[in-house]
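Taking it in order: structure first as structure tokens, then the write-up.
Just so it is clear, none of the values below were taken in a lab; they were calculated from the coordinates. Every value quoted in this text rests on a predicted model; they were computed, and no experiment measured them. FYI the Cβ positions are ideal-geometry reconstructions off the backbone, even for glycines, and counts take in every protein chain you see.
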Amino acid sequence: MNYIDSFRDPAAAGALRARLQTLGATLAGQGRQARIMEVCGSHTMSIARYGIRDLLPPNVALLSGPGCPVCVTSASDIDAMIEMIKIHEVTAFTFGDMFRVPGTHSSLFMEKTYGKDIRVCYSPLDALHFAAENPEKNVVFIAIGFETTVPMTSVIIKQAYKKKLKNFSVFSTHKIVPPALGALLADKEVSISGFLLPGHVSVIIGSAPYLFIASDYYIPGVIAGFDAYDILISILMILKQIKNKRAAIEIEYKRVVRPEGNPTAVKAIYEVFETQDCSWRGLGMIAQSGLKIKEIFAEFDAKILFPVKKISSKEPAGCKCGMVLKGILKPDECGLFGKSCRPDNPVGPCMVSSEGTCAAYFKYLKLQD
Ligand code: SF4
């Protein structure tokens, strides 16, 4: 397949559907079910957009996991960034989705309506350039995302260092994916028989960091692309492994992902950041799963420059995002879904984010009134 249209071709998808149904029937004959988790918000959206669930055999279920960076940012991190903005005189830059996520008492959006200087940006470079042009302002970039976005944050911190900027810093909520998968597999509440592994993250880290999933837990994983054909064939690859009682990490998204990833980008990450224990919404504290700015770049660490007292953080009342992020609950099993929680009035982050599971269900599976 050379052109993107091939990956969206209905005839190719139809043929794959038939193969999936046959394989599903074989597994059903062995009394087996498959629970496959996608751990990327873009996969969640593609699965909903292409109606992939409707093409699967009845004994194959797709679960959404903790793949949306906004959704897994803990209430305590959101409260801390809001406190920083309330207490200190800063100009904060962030991506649009983070803007509306509710913390315990407020959100960045609400703080902006109260007069705080909070701006939405499309690139961290916007924040860096603003800082260079406005030396009288303390500019903080609120950094969010997994391995895909961290190299860019590293680059801007190194640029700020080179330019000797004294008014630019980063509030890091960056996280890395593999430890979260380990936490899910160790969680007795969660039942997973295969992983659709994230394509974008894997462009950076390659396949090696996932090998423990197959070797330690005997669970198959396939690094998948984002079109209908990519997702269907990746599910087929997982089901074949399950049928053959095999567990390996395979790459379907070979047109983009190499086993070794992008070593230059990984080097860029760990020149500036080091791992630390980190709290994820729904998954709790996960060892060495967060990225903090190294001491050598401490002058750009907003958490050091603008300290805040820890406040007692709470999840929004009635919101089940934590269980949705672990694949234990589907969005429409939350009592607030489509009632008090909708994209125009979201209660939890999974409805705010454009990659959130609840937003995907609402947009594609539950049609609005
Ligand atoms: S429907 Fe809304 S309140 Fe319920 S889990 Fe999803 S985001 Fe949270």
³J(HN,Hα) computed for each position of the range 16-27 - Karplus, 6.51 cos²θ - 1.76 cosθ + 1.60, integer Hz, glycine/proline x: 5, 4, 4, 5, 5, 5, 5, 5, x, 5, 4, 5
Approximate spin-label separation T26-Y122, in nm, with each point projected 7 Å along Cα-to-Cβ: 4.7 nm
Least to most buried among Y217, Y122, Y210 (fewest other Cβ within 10 Å first): Y122, Y217, Y210
Label-point separation, F109 to K163 (7 Å along Cα→Cβ), nm: 3.0 nm
Residue-wise HN-Hα coupling along the range 253-268, computed from phi with Karplus coefficients 6.51, -1.76, 1.60 (Hz; x: Gly, Pro): 7, 6, 6, 10, 9, 10, x, 8, x, 10, x, 5, 5, 5, 4, 4
Fewest-first ranking of H88, H174, using other Cβ atoms within 10 Å as the exposure measure: H88, H174
Phi-based couplings in Hz for the range 150-161 (Karplus 6.51, -1.76, 1.60; Gly and Pro marked x): 5, x, 5, 5, 4, 4, 6, 5, 5, 5, 4, 4
Interchain or long-range residues, amide H under 5 Å from L63's placed H: I36, M37, E38
Amide proton proximity set for T73, modelled H, under 5 Å, gap of 5+: R281
Per-pair calculated FRET efficiency, R0 = 41 Å: V308 and A15 via Cβ, rounded to 0.05: 0.15
The range 266-323 versus the range 64-106: alpha-carbon centroid distance in Å: 11 Å
Which of M98, L108, L63, positive extreme of dipole for the range 1-117 (C-beta unit charges): L63
Exposure proxy order (Cβ contacts within 10 Å, fewest to most) of L196, L165: L165, L196
Inter-site label distance for E136 and H88 at 7 Å from Cα along Cβ, in nm: 2.1 nm
Centre separation in Å (Cα based) which lies between the range 170-211 and the range 113-146: 29 Å
Cut-off under 5 Å, modelled amide H: who pairs with F141 long-range: F93, S169, V170, F171
Cβ-placed point charges (K, R +1; D, E -1), dipole of the range 216-369 about Cα centre in debye, nearest 20: 420 debye
